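The values are calculated or read from the model by the stated rules, or taken from the named source; none is laboratory data. Note that the structure is a prediction, hence the values are computed from the model and not measured. As a convention, Cβ positions derive from the backbone with ideal geometry for all residues, glycine included, and neighbour counts pool all protein chains shown.
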């Protein structure tokens, strides 16, 4: 990626955002298309509910564009979007008290991993089973964090936002964000320790 690619993308985002009124549906659709997948991933991580995440993302875009005149370009557009989405996610968590078991986002099926180990063709490869097990352990560790801490870890590790951008998105100080991310990483490492130690014994 060229050094100015991110800036160029953000320039385009803000250009589309300013154009995206009822008279310019093409600009609206393009901007939604540029950020929809990232928005879904973020909200799913915070809410632990893919269907609810999709509803929140739709509300988020409507809310953002409905109040377009209130915003100025003081941050990246995606950072602003995450900030709006986080507030909506927290509102949903408080309203519905979401506490469902985390589902594997890489699989559309919802049954536990144990029931997917065998199929009509026999057992899944050992590496595949281990990969799924590791993924579920990581997600279980992340889900022990509170929503803002989960959001901070997701934005840093998956979206690869700078710490300053994470702080802006979460309406937090830089030091708070660094602490949240550090604690999140520690939680994952602690949850994975038995798994990693087991691997060392096998070797």
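Key figures
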read-out: Among (1) assigned by TED's automatic domain parsing to the domain that holds residue 172; (2) touching a helix residue (DSSP H, G or I) at 6+ places or on another chain (Cβ under 7 Å); (3) modelled with pLDDT under 65 - the single one residue 133 does not satisfy; value: (3)
read-out: Residue satisfying all of: in the stretch 48-64; in contact with a helix residue (DSSP H, G or I) (Cβ under 7 Å, 6 or more places away or on another chain) and modelled with pLDDT under 90; farthest from residue 166 (Cα to Cα) among these; value: 63
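Residues checked against (1) in contact (Cβ under 8 Å) with a residue 40 or more places away in the chain; (2) part of a helix (DSSP H, G or I); (3) under 16 Å from residue 159 (Cβ atoms):
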{"site": "34", "(1), (2), (3)": "no, yes, yes"}
{"site": "54", "(1), (2), (3)": "no, yes, no"}
{"site": "81", "(1), (2), (3)": "yes, yes, yes"}
{"site": "84", "(1), (2), (3)": "no, yes, yes"}
